[in-house]
1. When the range 10-29 is examined, which residues are found to be out of contact with any Ser or Thr (no Cβ under 7 Å at 6 or more places or on another chain), of a type in the set (Gly, Ala, Ser) and free of Cβ contacts under 8 Å to residues at least 24 places away in the same chain?
2. Taking residue 350, is it of a type outside the set (A, V, I, L, M), within 20 Å of residue 187 (Cα to Cα), surrounded by 14 or more Cβ atoms within 10 Å (Cβ to Cβ) and touching a helix residue (DSSP H, G or I) at 6+ places or on another chain (Cβ under 6 Å)?
3. Does any residue in the range 356-370 that is closer than 16 Å to residue 220 by Cβ come within less than 7 Å, Cβ to Cβ, of a residue that is at pLDDT below 85 and outside any helix (DSSP H, G or I) six or more places away or on a different chain, and which pairs are these?
4. Can you find a residue that is of a type in the set (Ser, Thr, Tyr), in contact with a Leu (Cβ under 8 Å, 6 or more places away or on another chain), open to solvent by less than 50 Å² (accessible area, probe 1.4 Å) and closer than 22 Å to residue 5 by Cβ anywhere in the range 292-299?
5. Here are some residues: 180, 198. Which one is without any contact (Cβ under 8 Å) to a residue 24 or more places away in the chain, out of contact with any strand residue (DSSP E or B) (no Cβ under 6 Å at 6 or more places or on another chain) and either of a type outside the set (D, E, K, R) or surrounded by fewer than 23 Cβ atoms within 10 Å (Cβ to Cβ) (or both)?
6. Quick one: in the range 255-283, of everything that is of a type in the set (Gly, Ala, Ser) and without any contact (Cβ under 8 Å) to a residue 60 or more places away in the chain, which residue is least open to solvent (accessible area, probe 1.4 Å)?
7. Hey, can you tell me all the residues within the range 146-173 that are outside any helix (DSSP H, G or I) and open to solvent by 10 Å² or more (accessible area, probe 1.4 Å)?
Amino acid sequence: MAYQICTRCIMDTSDPDIEFDGAGVCNHCRNFDENLRPQWNPEESGRRMLDQIVDQIKEEGRGKPYDCAIGLSGGVDSSYLAYVARKELGLRLLAVHVDGGWNSELATRNIENIVRKLDIDLHTYVVDWKEMRDLQRAFVRAGLANQDVPQDHAFFAALYSNAQSYGLRYVLSGGNIATESVMPEEWAYNAMDLRHLEAIHQRFGSGPLKTFPRVGFFRYYFWNRYVKRMRVVRPLNFMPYVKDEAIALLERELDFQYYGGKHFESRFTKWQQLYYRPRKFGYDERRAYLSSLILSGQTTRDQALTSLAGDVVNVKQAEKDTEYILKKLDLSEDEFAQIMAQTPKTYRDYPSNFALFNFKTAVRDWLRAKGVVLHPNS
């Protein structure tokens, strides 16, 4: 299609599924207004709802060493949530960090400062590097857009497993609408699709995954939720969450150092965002994150466009990191050049549970339309 950019946010036709109305406003903006904004409660009423949830968490935590688990990546969202949960909500946290082999030195230092200054117990799950490398190399060879699937899948699988080992039903997540309301499915396919992950590894991997943390559809969406009755709580959706203010607080209170971009605490994620995806697929993931900030009123459209064009330092650094990434993945420059030259693939080109996910969502939406909510995370 001819190039077009949304008149409200900065999403454009680099998203192959984007649609525009007569005023030039895209479907991501309409989805925010119609579906996400009603779930976002930064007003006082949201805080009252959160306080009720926190009371339930504390009540269930009686007699246990912790009230709940929290995933701690070292990024802004999870770091700020850790501060709020400990300092403002008074929760006893088990912090779980999954080390997939790509932490920057800065990320490691930030995490150490956070848990020390907030007096939080930290459990770090270190993924076997040979298995992680084999799986990530397989995803690169598959020519897919979402190269973070192995890291993200391991993170959530290990987080749930650690929470259950301590008898904890509640897991706190830094996921939020204020900074993450926009993300095309084509850009970031569901990392919890175990069938997809294992199919890619079987075709392009070279060794067995003996210890890599995994969780299947049934266990993740039914066993954990309805048998174990686990609940993921996203506190940042119940309070005002302004990214720049959160960074300033973290810098002031926890000696936090910002990475310069969303998810840049992982060197691999930064590289795929700023080098791999733009070069192979022609899109820039920063558009989605900046568009989310536009919709939540944290920046203007003009400021977002200026930010996108002016972030030269990070882009050049990601390009320089290519040599480091390839060496760590044990990929030759020639093989990588061939991969980059091949026709891009999508999750539709490989086995997946895409149809099953759609069916689950359809059933959930039908039940909600009837006034039935089986689970707050469903």
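1. In the first step, residues of the range 10-29 are kept if they are out of contact with any Ser or Thr (no Cβ under 7 Å at 6 or more places or on another chain); the result is 12-22, 26-27, 29.
With the extra rule that they be of a type in the set (Gly, Ala, Ser), the set shrinks to 14, 22.
Scanning the range 10-29 gives a single hit, 22.
2. Numbers: of a type outside the set (A, V, I, L, M): yes; within 20 Å of residue 187 (Cα to Cα): yes; surrounded by 14 or more Cβ atoms within 10 Å (Cβ to Cβ): yes; touching a helix residue (DSSP H, G or I) at 6+ places or on another chain (Cβ under 6 Å): yes.
Spelling it out, residue 350 is indeed of a type outside the set (A, V, I, L, M), within 20 Å of residue 187 (Cα to Cα), surrounded by 14 or more Cβ atoms within 10 Å (Cβ to Cβ) and touching a helix residue (DSSP H, G or I) at 6+ places or on another chain (Cβ under 6 Å).
3. Note: pairs meeting the criteria are 364/378.
4. Of the range 292-299, the ones of a type in the set (Ser, Thr, Tyr) are 292, 296, 299.
Of the ones still in play, those that are also in contact with a Leu (Cβ under 8 Å, 6 or more places away or on another chain) are 299.
Then keep just the ones that are open to solvent by less than 50 Å² (accessible area, probe 1.4 Å); that gives 299.
When the remaining residues are screened for being closer than 22 Å to residue 5 by Cβ, the result is 299.
Yes, some residue in the range 292-299 is of a type in the set (Ser, Thr, Tyr), in contact with a Leu (Cβ under 8 Å, 6 or more places away or on another chain), open to solvent by less than 50 Å² (accessible area, probe 1.4 Å) and closer than 22 Å to residue 5 by Cβ.
5. After applying the criteria, what remains is 198.
6. 261
7. Here is the first cut: in the range 146-173, the residues outside any helix (DSSP H, G or I) are 146-148, 166-173.
Hits for the range 146-173 are 146, 148, 166, 167, 169, 170, 173.
Rundown of residues vs (1) aromatic (Phe, Trp, Tyr); (2) farther than 22 Å from residue 176 by Cβ, yes/no style:
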| residue | (1), (2) |
| --- | --- |
| 8 | no, no |
| 17 | no, yes |
| 20 | yes, yes |
| 25 | no, yes |
| 28 | no, no |
| 108 | no, yes |
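The values are calculated or read from the model by the stated rules, or taken from the named source; none is laboratory data. Since this is a predicted model, take the numbers as computed values, not measurements. No Cβ is skipped: glycine too gets one built from the backbone with ideal geometry, and neighbour counts run over all protein chains shown. Each accessible area value is taken on the protein alone, full model and side chains, heavy atoms only, with ligands, DNA and RNA left out. Shrake-Rupley method; radii C 1.70, N 1.55, O 1.52, S 1.80 Å.
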